[in-house]
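Only one structure is covered here, and it is reproduced in the block below.
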Amino acid sequence: MKRHECGTENEEGVEFCVKCGNTIPTPTKKSEIDKNRLIKGFKLGGVIFFGVLICGIILVLVVGMWVLLTIIFSAILGISLHSPLCWVFGGILPALILYISLRQKNEGRINPLQ
């Protein structure tokens, strides 16, 4: 096997060049390259699958919370569920409360460890 950097011809299976002493890279088999690509593909597919699954679960939980809070607000305020005002209160008010609480937490006003 010929080393490209120094141009020395070496025997097959030798790990180091007889002239310069550097390692001789072994050619990678095509099946090993295909196997590595397949493993990377499975890993990427798994990450995408679980990412979509987690986003879907979060979306279902958020929508479920919105509907539940809308029903609660309609019962408390005596507004019909067919009213858009009920759905606005059910979605905007909890979002506003969550935003304010997260903002206060980030500013250091709320410490959950105390």
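Summed over the stretch 47-97, residues that are more than 29 Å from the chain's Cα centre (by Cα) and of a type in the set (Phe, Trp, Tyr) total 3.
The one condition from (1) assigned to a helix (DSSP H, G or I); (2) exposed (fewer than 11 other Cβ atoms within 10 Å of the Cβ) that Gly91 does not meet is (2). Among residues of the stretch 74-89 that are under 18 Å from Val63 (Cα atoms), those with a beta-carbon under 7 Å from a residue that is aromatic (Phe, Trp, Tyr) and in a helix (DSSP H, G or I) at least six positions away or on a different chain give the pairs Cys86/Phe73; Phe89/Phe73.
Here, each number is a calculation from the coordinates, and none is a lab measurement. Since the model is a prediction, treat every value here as computed from it, not as a measurement. Virtual Cβ from ideal backbone geometry, glycine too; neighbours counted across all protein chains shown.
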